[in-house]
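Comments concern the structure below.
The values are calculated or read from the model by the stated rules, or taken from the named source; none is laboratory data. Given the structure is predicted, the values throughout are model-derived calculations rather than measurements. FYI the Cβ positions are ideal-geometry reconstructions off the backbone, even for glycines, and counts take in every protein chain you see.
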Amino acid sequence: MNQRVREQTERELPVRREEELSNAQLAALIAQVEQNGMLRAPVGMKQEILEKTRRADVQLVIRTQDMSRKLQVFFYGLKISMAAAIAMFLIFWMPLDSSIPDISQPAAIEMDWDEGPQKTLAQQVDEKAEELGQELSRAASEWIRDLSGKKQESR
């Protein structure tokens, strides 16, 4: 009788599992359960499920998932610890600036309005890079000049 009820329900209520029941389909299902009763699980299904969960391969999967979670927590803690260690290293590694003004005396703010527009950070970096390039070029040319002079003297 259970098989017949299940087949009849499947024919009357064509619903895909990923969709929700409409109100009419839900009402039809409720009426059918009230008339015919609920379907019963197969005999021994509970015992079969419990036996399958006790098998070694299932236990291995469960323990692997548990170990995976523990490893994720461990690596998360490791990341946090490394971030804290790097932050502390940077804090203590930074040199102390002795040119900090005395804040007990109010500082007079001097503005030179004739300066024109202030340079952006990118412009300042470009200027410093250009100066560094010129110094390196000058030092390299002096070094090459010194080497070529020594070679001519040794001949």
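Quick notes on this structure:
- Of all residues in region 97-155, those that are aliphatic (A, V, I, L, M) and at pLDDT below 65 total 6.
- Matching residues, region 27-65, being touching a residue at least 12 places away in the same chain (Cβ under 8 Å) and not small (Gly, Ala, Ser): 29, 32, 36, 39, 40
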